[in-house]
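Bear in mind that the values in this text are calculations on the coordinates, not laboratory data. Only a predicted model underlies this, so the values are computations on that prediction, with no experimental measurement involved.
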Amino acid sequence: MEEASSLLTLLSSQLGLDRKVNLRIKKYRKWAASANLRTATITIDEDLANSYEVAKYLILHELIHIKLDTKYHSDEFYRLLYSIMEEDEVKAAMEEAVSIKRGKIRMH
């Protein structure tokens, strides 16, 4: 959790996010992570939070939703994502997440 909190701070700063964002780690059966836009709370699956690269991707992904205040993936969403993580890094993190959860995961 400490590493995930450090990632949250670092990535929030890189995105220029002024809003305080809360981070929760919990057991999800099918979801990798989620963001509550109203409360600015990111929740990450506990199995996935143990991998630095996966946690980095998931936190960044959800922070962008909060920054843009939308659940949708627009051109601006991907511009922000790829400005911080290379496309290959994103793909590798997603593949690792699927591997950790043995394919029983939903990535949005």
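Data overview
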| quantity | calculated |
| --- | --- |
| Highest-fluctuation residue, 72, 57, 28 considered, GNM on the chain with Cα pairs under 10 Å | 72 |
| Alpha-carbon centroids, segment 61-108 and segment 2-36: separation in whole Å | 12 |
| Residues with amide H under 5 Å from that of residue 24, placed H, sequence gap 5 or more | 42, 43, 44 |
| Under 13 Å from the Cα of residue 67 - aspartates and glutamates, other chains or at least 8 residues apart | 18, 76 |
| Among (1) 78, 22, 17; (2) 68, 23, 22; (3) 35, 26, 23, the entry derived from the coordinates for Cα extents along the principal axes in Å | (3) |
